[in-house]
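Report on the structure given below.
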Amino acid sequence: MEWSIITAVNNDELLANNLLRSPEVSQAKEVLLQKGFSSAAKAYNSGIDKSNAEILVFVHQDVYLPSGWLDCLKKALAHLSTHDPKWGVLGVRGVSRDARFHGHIYCTGNKRILGEPFTKPERILMLDEVLLVVRKSSGLRFDEQLPGFHFYGTDICLESNGQNLQSYVIPAFCIHNTNGYESMPTEFWRSYSFIRKKWAFQLPIRTPCIEVSHFPLTIPWARFRRWWWIAVKGYRVGHRVPDPVKLYSEVTSRFCMANKCL
């Protein structure tokens with residue numbers, strides 16, 4: 001299987017300490033480090049044009065892919081080659097039409113494992129941007145009118161659905177070594193507004209982080225809820241750790257003990 005890694009980079013140290021420490025990165029046909037782009041869509045489309053591989057893995061620079069991750073991807077692709085060879089977009093975290101979350105990853109921003117283990121790809125509505133997989137031959141591309149680095153997973157899933165190509169969450173555990181948000185940045189809401197306008201005929205749209213709604217009060221309400229949880233309820237977001245390899249070892253050890261697999 002020929003596959004490429006494509007990542008938008010704005011911090012070389014972060015990249016080196018996370019994604020490039022992943023054991024199986026060396027098995028990729030190419031690792032395309034997209035620097036200096038004003039949006040994820042532009043960075044990723046440039047990567048699509050540069051890549052000669054069929055399987056394109058778009059992944060954040062702060063993700064650690066542990067040993068065995070590539071085998072998980074290959075198993076998912078083998079399953080889909082039988083059940084849905086013309087799949088559209090794959091990911092590791094997403095939400096279904098009934099607003100249930102699917103996937104199995106560890107997120108430092110949430111300070112916990114998200115989801116439960118599962119064994120085969122599950123059809124999904126929208127995928128989180130942390131990691132996306134696309135077939136180059138599908139012709140799918142990211143919308144370069146979408147500003148910034150948010151909601152491009154939602155957008156490409158909607159584009160995929162429009163071409164009758166299904167999206168799936170795959171069982172491929174990884175570490176997202178990220179900082180949590182105490183409040184969503186202005187750039188997030190700019191991207192939200194773009195999606196709200198572009199896909200107005202499909203609203204409401206449930207994404208892995210928020211519902212994109214018809215109602216103009218969604219943004220202030222979401223900001224109020226975030227303030228309530230932090231200022232009143234005392235919730236504290238998680239932060240990036242210095243060593244994702246050590247974290248992966250600790251997480252898997254705790255998980256095995258909790259599930260009596262040792």
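We did not get these values from a lab; they are worked out from the coordinates using the rules stated. Keep in mind that this is a model prediction, so the values were computed, not measured. Quick reminder, even Gly has a Cβ in these numbers, built from the backbone with ideal geometry, and neighbours come from all protein chains shown.
Assorted remarks:
- Exceedance of the 27 Å cut-off in Cα-Cα distance is limited, within the set 111/197; 120/198; 42/86, to 111/197; 120/198.
- Kyte-Doolittle mean at least 1.0, axial Cα span of 24 Å or more - DSSP H helices of the chain: none
- Normalised contact order of the range 3-258, rounded percent, pairs of Cα under 8 Å and 6 or more residues apart: 22
- For the pair residue 24 and residue 84, the difference between a 0.36 nm per residue extended length and the Cα-Cα distance amounts to 19.0 nm.
- Rg to Rh, two decimals, where the chain supplies the alpha carbon set and Rh follows Kirkwood: 0.94
- In the distance distribution for the range 45-190, Cα-Cα pairs more than 20 Å apart total 47 percent.
- Taking 7 Å steps out from each Cα toward its Cβ at residue 249 and residue 164 produces label points 5.1 nm apart.
- Positive-end residue, the range 141-218 charge dipole about Cα centroid, Cβ charges, pick of 161, 183, 142: 161
- Taking the empirical scaling 2.2 N^0.38 Å for compact globular proteins as reference, the range 63-133 has a Cα radius of gyration ratio of 1.11.
- When +1 charges are put on Lys and Arg Cβ atoms and -1 charges on Asp and Glu Cβ atoms, the dipole computed for the chain relative to its Cα centre reaches about 680 debye.
- Expected 222 nm ellipticity per residue - DSSP helices of 4 or more, -39500 (n - 2.57), all of the chain, to 500: -9500 deg cm²/dmol
- Under 5 Å from the amide H of residue 126 lie the amide H atoms of 95, each residue being 5 or more positions distant or on a separate chain, with H modelled from the backbone and absent for Pro and chain starts.
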